[in-house]
Number of protein chains: 2
Amino acid sequence: MERVGLTTRRVAEAGAELADEVGFDRVTVSDLARRLGVATPSLYSHVAGSADLRTQIALLALEEMADRSAEALAGRSGREALAALGGSYRGYAREHPGRYAAARLPMDTATAVASAGPRHAAMTRALLRGYDLKEPDATHAVRLLGSLFHGWSSLELAGGFDHSAPDAATSWERVVDALDHLLRTWPGEGRS
Amino acid sequence: MERVGLTTRRVAEAGAELADEVGFDRVTVSDLARRLGVATPSLYSHVAGSADLRTQIALLALEEMADRSAEALAGRSGREALAALGGSYRGYAREHPGRYAAARLPMDTATAVASAGPRHAAMTRALLRGYDLKEPDATHAVRLLGSLFHGWSSLELAGGFDHSAPDAATSWERVVDALDHLLRTWPGEGRS
DNA sequence: GCTTTTGCCTAATGGTGTTAGGCTGATCGG
DNA sequence: CCGATCAGCCTAACACCATTAGGCAAAAGC
């Protein structure tokens, strides 16, 4: 038979496209094989199965997001960096909903540390160097920003902001203002 | 045959338990039927299918979470209310991971407005009455809190905070402090 | 008591995930 | 250049899940 020249990477990329089109949770080995013009079992030479396929898509998405964030952050600091990092997540989620969902897939620790995940944490930490936070407050802030960026993209993607004014973009700008303000006036141990 | 006396509600409850045990995305009509001691097609008298089953579980979870939040909020305001509301999400996610995941299921607009979803938004808005926010800042703050609570629970559930100090509970307290501080000093239009 | 409804059943179909094993085009040592 | 090995693809086969159609008998209403 005609060899199509598949590889794990190519399969993951096709899977990512499929995820964006039909939703990550509807990605199916059969459907993917169909799109690649190949019989279903043929994919098993490249991915270990359905679970592995999803993981591969997730790893791809994490890489892409990290690259995108790094580019957005270049040369910026303070509020600009905050807007850039958050915006890169928002944009990625909007443009690639399936991949974005994939990036949230829980994976085992070994895979997670070898993924682009740590790069994301590192970038958030780097961003915080523009503010005056000592440990452990910096860690708290990393977690706060991570949660907020993820939660926001997730809710916006689900259409949670669609049916009330003001629009999501306007709110987003003001939220970035609020975060910038918060990081510059981070409260100490005693209630201020 | 012995009638088991199923109803849509009971099926949803059993589905919720199953979700907590095996994960929401692994809930299957067959498995649920097996647990209920009934043939698979029998469930189709009570739920319209796999998708509907998931929606029913989601609706149940949203109700439970709203009830829990309402109870936690009773008689509290300010930082206490903030900790109570966020804590109720955190606690629910920890105790009922499958149900929590279900609650994030996207649903069509009609179903969403008839769900307990609006109650959640109303409670967050009520909480903000303890702070001095005018529209549209109150809406921005509702969205910020919603995103943060959801994002935090989601990341904590996925184990995102497990492999670094300090522990999640400590960070959480400080994040509540930060949010309380932010809401009390919410920045105006001009950069402060 | 008889009818109607309804809760459950079995049978059957089609789709998905996965394993086993075979064929053939590509690749590489001589 | 040629044979051996390997890799990429295939078909066959099985188990499991979702869903529809149609039947039977317990429960509920007149």
Residue list for the range A:171-192, filter: modelled with pLDDT under 95 and more than 7 Å from chain B (Cβ to nearest Cβ): A:Gly188, A:Glu189, A:Gly190, A:Arg191
Does any residue in the range B:73-85 that is on the phi > 0 side of the Ramachandran plot come within less than 8 Å, Cβ to Cβ, of a residue that is buried (at least 19 other Cβ atoms within 10 Å of the Cβ) and assigned to a helix (DSSP H, G or I) six or more places away or on a different chain, and which pairs are these? B:Gly78/B:Asp180
Could you please find all residues in the range A:156-167 being free of Cβ contacts under 8 Å to residues at least 40 places away in the same chain, surrounded by fewer than 19 Cβ atoms within 10 Å (Cβ to Cβ) and not hydroxyl-bearing (Ser, Thr, Tyr)? A:Ala158, A:Gly159, A:Asp162, A:His163, A:Ala165, A:Pro166, A:Asp167
Go through (1) away from DNA strand D (no atom under 15 Å from the Cβ); (2) without any contact (Cβ under 8 Å) to a residue 24 or more places away in the chain; (3) among the aliphatic types (A, V, I, L, M) for A:Val27 and report which single condition fails. (2)
Looking at the range B:68-78, is at least one residue open to solvent by 30 Å² or more (accessible area, probe 1.4 Å), within 21 Å of B:Leu157 (Cα to Cα) and either modelled with pLDDT of 95 or more or away from every other protein chain (no Cβ under 13 Å) (or both)? yes
Confirm whether A:Ala83 is within 14 Å of another protein chain (Cβ to nearest Cβ), within 16 Å of DNA strand D (Cβ to nearest atom), assigned to a helix (DSSP H, G or I) and at pLDDT 95 or above. no
Within the range B:23-43, the residues that are open to solvent by 50 Å² or more (accessible area, probe 1.4 Å) and within 14 Å of another protein chain (Cβ to nearest Cβ) are B:Asp25, B:Arg26, B:Thr28
Write out, first by first residue and then by second, each pair whose Cβ atoms fall under 6 Å of each other, whose residues are 6+ apart or on separate chains, and whose first residue, in the range B:30-47, is away from DNA strand D (no atom under 11 Å from the Cβ) while the second is assigned to a helix (DSSP H, G or I). B:Leu36/B:Ala14; B:His46/B:Thr8; B:His46/B:Val11
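Based on what the data block shows, is B:Arg76 over 30 Å from B:Arg3 (Cα atoms) and either away from DNA strand C (no atom under 16 Å from the Cβ) or part of a helix (DSSP H, G or I) (or both)? Don't jump to the end; show me each part of the working.
Values: over 30 Å from B:Arg3 (Cα atoms): yes; either away from DNA strand C (no atom under 16 Å from the Cβ) or part of a helix (DSSP H, G or I) (or both): yes.
Considered against the rule, which asks whether it is over 30 Å from B:Arg3 (Cα atoms) and either away from DNA strand C (no atom under 16 Å from the Cβ) or part of a helix (DSSP H, G or I) (or both), B:Arg76 comes out as yes.
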For the structure I just gave you, tell me whether B:Arg94 is away from DNA strand C (no atom under 16 Å from the Cβ), within 14 Å of chain A (Cβ to nearest Cβ), charged (D, E, K, R) and surrounded by fewer than 19 Cβ atoms within 10 Å (Cβ to Cβ). no
Could we say that A:Ser88 is in contact with a helix residue (DSSP H, G or I) (Cβ under 6 Å, 6 or more places away or on another chain), within 16 Å of DNA strand C (Cβ to nearest atom) and modelled with pLDDT of 95 or more here? no
Can you tell me which condition B:Met107 does not meet? The list is (1) over 19 Å from the mean Cα position of the chain (by Cα); (2) more than 8 Å from every other protein chain (Cβ to nearest Cβ); (3) assigned to a loop (DSSP other than H, G, I, E, B), and all the others hold. (1)
Condition met for A:Arg125 (open to solvent by 70 Å² or more (accessible area, probe 1.4 Å), more than 8 Å from every other protein chain (Cβ to nearest Cβ) and either within 20 Å of B:Ser171 (Cα to Cα) or not in a helix (DSSP H, G or I) (or both)): yes
Single condition A:Ser154 does not satisfy, out of (1) touching a Pro at 6+ places or on another chain (Cβ under 8 Å); (2) at the interface with chain B (Cβ under 7 Å from one of its Cβ atoms): (1)
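The values are calculated or read from the model by the stated rules, or taken from the named source; none is laboratory data. Note that the coordinates shown come from a computational prediction; the quantities given were computed from them, not determined experimentally. Neighbour counts are summed over all protein chains in view; Cβ atoms, including those assigned to glycine, are modelled from backbone coordinates with ideal geometry. Ligands, DNA and RNA are excluded from the accessible area calculation, which covers all protein heavy atoms including side chains. Shrake-Rupley method; radii C 1.70, N 1.55, O 1.52, S 1.80 Å.
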